[in-house]
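**Q** Quick one: the structure is below, and I'll ask about it shortly.
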Amino acid sequence: MKIRITLLLLSATAAPRLAAAQAAAAPELGGSLLQMLLGLGVVLLLLFASLYLLKRLAAPRGAAAGLLRIVAGTAVGTRERVVVVEVGDTWLVLGVAPGRVTPLTQLPRQEVPAAHALPGKNFAGWLQQVMDRRNAR
């Protein structure tokens, strides 16, 4: 009986100390959540800053920026393309294959007809044509 009373008294005095120790050891959820969100924000900021710098450094500058332009291109094989490149007042027709670029011919600069314009220039018109062709079937 004496042992039970002693164990009961020890457990009664140890319980508050144990609860206080657990409360001190457990981190605050709000503080760790805030730290995680701030860390995520810093990582995202560094990502966007590096992408912006990469874009700025890769863009051509000065007179070379408007010197070269791809006018058109089409695939003629699985890895081969024919590309029309505008250099100044001249169009170069190039055959492009993995590891090799071959000049095919040289043409004077011309105006691109509206029917052969790239789809990116007039996306709404191109999409309408595709939808009309698909609905006609």
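The values are calculated or read from the model by the stated rules, or taken from the named source; none is laboratory data. Every value quoted in this text rests on a predicted model; they were computed, and no experiment measured them. With ideal geometry, Cβ positions are generated from the backbone for all residues, glycine too; neighbour counts draw on all protein chains shown.
**Q** Exactly one of (1) in the same structural domain as Gln110 (by TED's automatic domain parsing); (2) of a type outside the set (S, T, N, Q); (3) at pLDDT 90 or above is unmet by Leu51. Its number?
**A** Condition not satisfied by Leu51: (1).
**Q** I'd like to check something: does the stretch 95-116 contain any residue that is at pLDDT below 90, touching an Asp or Glu at 6+ places or on another chain (Cβ under 6 Å) and either surrounded by fewer than 10 Cβ atoms within 10 Å (Cβ to Cβ) or closer than 30 Å to Val130 by Cβ (or both)?
**A** yes
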